[in-house]
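The values are calculated or read from the model by the stated rules, or taken from the named source; none is laboratory data. Because the structure is a prediction, the values reported are computed rather than measured. So basically every Cβ, Gly included, is an ideal-geometry build from the backbone, and we count neighbours across all protein chains shown.
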Amino acid sequence: MGSLKSFMDQLTYQFSLSNQELKEIAQSFGEEMAKGLGGQPSSLKMLPSYLANPTGKEKGSFLALDFGGTNVRILLVELLGEGKITVTKQKSFPLAGEGYNYMVSTAKELFDFLAQQITQFIDQDKTYYLGHTFSFPFRLEGVNKGILLNWTKEFDVSGVEGQDVMELLHHSLAQKGADNVILAAILNDTVGTQLTAAYQDPQCQIGSIIGTGHNTCYLEKGIIINMESGNFNKLSLTRYDQILNKDSEEPDSQWLEKMASGRYLGEIVRLIMKEMEEQGLLRESYPYHWTEKYSFSSAQMSQILSKKEENILTQVCALVRLRSIQLIAATYLGILEHLGNPVNIAIDGSLYEKMPDYAYLLQQTMQEIYPNPITIKLTKDGSGMGAAIAAALCQNK
Ligand code: BGC
């Protein structure tokens, strides 16, 4: 049996990367970008969005459906021009609750549920243009036709992969008689974040989500590209990552996401703590069951970090947080180097917004590895408001 100190030294070694290592990751990220753009096999899908940055002058009222995590949101958004946006009405509802779980269901059950929520939200005698933020990898075959490539974030709804998500939604809406809803655009949440930030700041050319999932988009020759960077896989996995990956819904996909996003960080902490408990290294006792899968969440991790107590659990949480930040920073560096000039980065997502010190440490890491000044800013609600901007941009297409 090893000592606690040597265990923690090993863990620190595995979970903290040097600036040199980050630069190497950035370089291989750049290589994967180039391959993906060139149509060669790559872990980065590099999916064109058909959308360019807005001018900030777009105006009107649009309906937005924001679907991609445990909660779905429907919003009525008013674009006022001059970079100003207001949300005039919204509702949020969970996909899983007492006696139901639409994250593990059939396509019909899921889309009928969404259509029902939409019809309850709108007026029957008005016409709406709807933008749908769909936070999964999909291939566009038109501004309002998106084919789901694969589910992520442990979603498992049968009959959607390979299908046009907008057609499924259209069908369910039509059955409810909601022909006053025109499905104008489908977009990824990173793209929504980018559009929302760019509506006010044309210098913003990278949009990213650090929440339940992780992904980034950027502006390539005037078009926003959804990289699906959560799938980046030129990374070395620790044994904890390997266990998590093997036990996940889709093993061998979304490596970066599984090492860096909110759906998984708590589970990595749990796996480490479980091993320490098994090795008899834990002297303190904690009110958690380290043997139960996914029983420790990233939200609990945030609570632990906010207390700043000096114990092993806090140290483990801090190391897992640090690696998430460093890996994501390395991918941003890869994009900035590919672009060759400094641009601003907009980020939305619960981890970035709520995990203690996450945003600050990310900014600090970027300053250490990238020589030029850039602004990294929280774009709250970007995925919802961006759907309205996309609907405005596509309403006449
Ligand atoms: C999805 C992306 C999405 C990201 C953030 C990932 O699991 O593949 O499309 O942008 O989560 O929500």
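The table for this structure:
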{"item": "Residues (within 16 Å of the ligand (Cβ to nearest atom), more than 30 Å from Val143 (Cα to Cα) and in contact (Cβ under 8 Å) with a residue 24 or more places away in the chain) located in segment 242-259", "result": "Leu244, Ser248, Met259"}
{"item": "Residues of segment 369-383 that turn out to be within 16 Å of the ligand (Cβ to nearest atom) and aliphatic (A, V, I, L, M), as a count", "result": "1"}
{"item": "Per-region count, segment 140-170, residues in a strand (DSSP E or B) and in contact with a Pro (Cβ under 9 Å, 6 or more places away or on another chain)", "result": "2"}
{"item": "Residues within segment 96-120 that are at pLDDT below 95 and either charged (D, E, K, R) or closer than 22 Å to Leu183 by Cα (or both), tallied", "result": "2"}
{"item": "Filtered residue count, segment 354-372, keeping only those that are on the phi < 0 side of the Ramachandran plot and surrounded by 15 or more Cβ atoms within 10 Å (Cβ to Cβ)", "result": "12"}
{"item": "Residue that is loosely packed, with under 15 Cβ neighbours inside 10 Å and within 21 Å of the chain's Cα centre (by Cα), where the choices are Asp156, Asp179, Asp123", "result": "Asp156"}
{"item": "So Leu149, is it within 14 Å of the ligand (Cβ to nearest atom) and surrounded by fewer than 18 Cβ atoms within 10 Å (Cβ to Cβ)", "result": "yes"}
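Condition check ((1) in a helix (DSSP H, G or I); (2) under 17 Å from Thr12 (Cα atoms)) across all residues:
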| site | (1), (2) |
| --- | --- |
| Glu267 | yes, no |
| Ile272 | yes, yes |
| His289 | no, no |
| Phe296 | no, no |
| Gln300 | yes, no |
| Ser306 | yes, no |
| Leu313 | yes, yes |
| Val316 | yes, yes |
